[in-house]
Amino acid sequence: MTAPATALGRRSAARKPQPEPTAVRSALRGGGLLVLAGLLLLLVMLSTWIGTKDTTLGQVWTALWNDDGSYATDVIRQLRLPRTLVGLMTGAALGVAGAVMQAVTRNPLADPGLLGVNAGASAAVVFGIGIVGLAGFGSLVWFSFVGAALTTVIVYVLGASGRAGPTPVRLALAGAAVSASLSGVIAGLTVFDSATYDYLRFWMVGSLAGREPELVVQLLPFVAVGLLIALLLARPLNSLALGEELGRALGARIARTRIAAVIAVTLLCGASTAAAGPIGFVGLVVPLVARWLTGPDLRWVLPYSMVLAPVLLLLSDIIGRVALPGDELEVGAVTAVIGAPVFIAMVCRRKEASL
């Protein structure tokens with residue numbers, strides 16, 4: 001009696017439609033993105049709660065929705081909340097900019113720092129502060145954009161010169177050379193203008209401290225437009241990753257894709273550098289981790305980078321606040337400490353890190 005029943009059960013199981021592997025992978029990636037979004041929300045709450053002034057979670061929640069005029073509410077609304085939101089936007093900008101640069105150059109080690117974009121934006125900002133005498137995000141961000149754009153063009157022209165064209169190695173070498181040269185220019189400018197050296201010293205390390213609420217409103221349009229352009233480039237960049245000839249055969253417009261990518265990277269790197277200084281490792285490490293989690297499809301790498309990078313930046317900022325009793329470590333120093341071993345581990349796993 002049991003044999004026919006078992007056979008019937010097997011036939012029923014055979015007829016039952018099985019989920020497609022692609023659908024399963026998409027569900028897993030979507031679930032992972034939701035988990036990371038939840039982690040980011042938790043870090044946002046911790047970032048507005050933790051600080052030198054003791055506050056409770058109830059005070060944080062109340063201050064977010066109601067300004068009762070108390071000292072704790074002022075600390076949360078005027079200091080911690082802008083700092084958190086600037087970290088959120090700066091992290092997303094750096095993570096997505098790094099992913100776009102790695103896709104365009106087809107170099108898994110490319111990032112705004114390695115290719116000199118951050119150095120160009122920093123040199124322009126230092127020039128604006130030390131020589132022109134500017135102050136405030138509204139004026140400095142335009143200097144930052146110009147510096148980032150000029151450096152991107154210079155690095156690409158240098159890397160593309162010669163018969164070999166813009167290979168990943170040549171672009172990396174050109175970026176390293178331009179970045180080193182600009183670092184010397186920045187050091188010279190800071191020496192000549194000692195009055196602004198203290199401010200520049202903290203800015204050059206990369207910091208989220210002391211950001212005003214107005215900066216959030218000023219930063220948002222640039223980051224939003226840059227992120228939107230980058231997300232729209234996911235499919236063309238996927239085609240470009242297959243090589244120029246195959247990309248053209250698949251309908252990708254190579255020149256337009258590269259120009260749009262440069263605009264997105266310039267907006268994201270220029271705005272983030274002007275707001276928080278040249279923060280390293282975020283744009284390098286986060287896209288590698290995102291690619292390790294999702295695979296090479298940029299339709300998933302870009303959203304993962306947009307969530308993972310603020311997670312790293314806010315976590316580093318929180319660690320910097322509690323690491324030293326009575327003092328703070330700048331977020332740029334903490335991201336370097338966290339990012340370096342992760343980067344080394346990812347480089348050792350060459351299979352996962354490759355594009």
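The values are calculated or read from the model by the stated rules, or taken from the named source; none is laboratory data. Since the model is a prediction, treat every value here as computed from it, not as a measurement. Because the Cβ atoms are built from the backbone with ideal geometry, glycine has one as well, and the counts that use them run over all protein chains shown. To get the accessible areas, we keep the full protein, side chains included, count just its heavy atoms, and leave off ligands, DNA and RNA. Shrake-Rupley method; radii C 1.70, N 1.55, O 1.52, S 1.80 Å.
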- Query: Could you give the angle, 0 to 90 degrees to the nearest 10, between helix 254-276's Cα long axis and the longest principal axis of the Cα atoms of the chain?
  - Reply: 50
- Expressed as an acute angle from 0 to 90° and rounded to the nearest 10, what is the orientation of the C-alpha long axis of helix 331-348 relative to the principal long axis of the chain? 40
- Query: Any idea what the relative contact order of the stretch 259-355 is, in percent, if you count C-alpha pairs under 8 Å spaced at least 6 apart?
  - Reply: 30
- Query: Of all the stretches in the chain, which is the longest one without any exposed loop site, taking trypsin sites (Lys or Arg not before Pro) in a DSSP loop (any state but H, G, I, E, B) with at most 13 other Cβ atoms within 10 Å?
  - Reply: 164-348
- Using only Cα positions of the stretch 281-320, each an equal point scatterer, no hydration layer, compute I(q)/I(0) via Debye at q = 0.14, 0.29 Å⁻¹ and quote the log10 values to two decimals. -0.29, -0.90
- Add +1 for every Lys or Arg and -1 for every Asp or Glu among the other residues with Cβ under 14 Å from the Cβ of residue 241, and state the total. +3
- Message: Can you tell me the mean projection area, over all orientations, of the convex hull of the stretch 106-164's alpha carbons? Units nm², please.
- Response: 4.7
- Note on the structure: Pseudo-spin-label distance residue 246 to residue 134, built 7 Å along Cα→Cβ, given in nm, is 4.3
- Task: Provide Rg and Dmax in Å for the stretch 263-355, with only Cα atoms included in the calculation.
- Result: 14.2, 45
- Query: Could you give the length gained on full extension between residue 220 and residue 319, defined as 0.36 nm per residue of separation minus the Cα-Cα distance, in nm?
  - Reply: 33.1 nm
- Within the accessible area of the chain, what % is carbon and sulfur when the probe is 1.4 Å and the other protein chains stay in place? 69
- Message: Across the chain, what fraction of all alpha-carbon pairs, as a whole percent, falls in each successive 10 Å bin from zero upward?
- Response: 5, 23, 31, 21, 10, 5, 3, 1, 0, 0
- Rounded to whole Å and sorted largest first, what semi-axes of the equivalent ellipsoid does the C-alpha gyration tensor of the stretch 178-334 yield via the square root of 5 times each eigenvalue? 33, 19, 15
- the stretch 200-339, relative contact order in percent, only Cα pairs under 8 angstrom and at least six apart counted: 32
- If Lys and Arg each add +1 and Asp and Glu each add -1, what is the summed charge of the other residues whose beta carbon sits under 12 Å from the beta carbon of residue 50? +1
- Task: Mind jotting down the distance between the C-alpha centroids of the stretch 119-140 and the stretch 36-107, whole Å?
- Result: 25
- Task: With a bin width of 5 angstrom, please list the P(r) values of the stretch 245-307 as percents of all Cα-Cα pairs, from the 0 bin to the one holding the largest distance.
- Result: 4, 15, 16, 22, 21, 15, 4, 2, 0
- In terms of the charge dipole of the stretch 16-105, which places +1 on Lys and Arg and -1 on Asp and Glu at the beta carbon, the residue among 45, 26, 81 farthest towards the positive end is 26
- Would you be so kind as to identify which of 266, 311, 292 lies farthest towards the positive end of the dipole of the stretch 256-355, taking Lys and Arg as +1 and Asp and Glu as -1 on Cβ and the Cα centre as origin? 292
